[in-house]
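The values are calculated or read from the model by the stated rules, or taken from the named source; none is laboratory data. Model, not experiment: these values are computed from the prediction. Note that we place each Cβ from the backbone using ideal geometry, even for glycine, and neighbour counts take in every protein chain shown.
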Amino acid sequence: MKLRWIIFIGMALVFLAACNNSNTTGPDDEEINPFTNGGTERNLIVVMSDWHLGADLSYSEINSNLTSLVKLLDLIRVAPNVKELVIAGDMLDEWFIPATINTYQGQDQLAFVRVLPRPTKV
C-alpha cells in the first residue's frame, strides 16, 4: 500500500512538472513580430476586414478593441517586410446605432445624416 502511494505521488509530481510553462516568450516580447520574415524585402501582404468603425465613438462596437487596433496598425506600419495592407471590407459601420440612442435629438433624419461625416477623435 505504501509503495502505491509513493508511485502515485511520484507520478503526480512528474505530471505537474510537465505542465510547467517554461516558454517565457509571449506576445509582449519585442523579438516576436508576425509581420517580418527575417529578410529585407517588402513582400508580405496583410489582409484585414470587419473593423466596423462607427460614426460615433460613444456607442461604436469597436470601443473595447480600439487601442489594440491602433497598436496592430502601428506594428504593421513599421514592419520591415509588409508591402501593403489590404482592407477587405466593412471598415466603416456608419449605420450601426443601438435602439436606445436618440439619434435625431429633436431633429429629423436629414440632420442626423449630415452629422455622420463629422470627424471623431480616436
Would you mind stating whether Ser64 is small (Gly, Ala, Ser), surrounded by fewer than 10 Cβ atoms within 10 Å (Cβ to Cβ), modelled with pLDDT under 75 and not in a strand (DSSP E or B)?
no
Conditions (1) at pLDDT 90 or above; (2) under 18 Å from Asp50 (Cα atoms); (3) touching a Ser or Thr at 6+ places or on another chain (Cβ under 6 Å) -> Ile97 fails only (1)
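Which one of Gly106, Gly54, Gly89 is of a type in the set (Gly, Ala, Ser), over 19 Å from the mean Cα position of the chain (by Cα) and modelled with pLDDT under 90? Reasoning before the result, please.
Working: Gly54 fails: over 19 Å from the mean Cα position of the chain (by Cα); Gly89 fails: over 19 Å from the mean Cα position of the chain (by Cα).
It is Gly106.
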Restricted to the range 50-61 and to residues being in a loop (DSSP other than H, G, I, E, B) and on the phi < 0 side of the Ramachandran plot, the residue surrounded by the most Cβ atoms within 10 Å (Cβ to Cβ) is Ala55
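Out of all the residues in the range 67-80, is one or more basic (Lys, Arg), surrounded by 11 or more Cβ atoms within 10 Å (Cβ to Cβ) and within 23 Å of Asn37 (Cβ to Cβ)?
no
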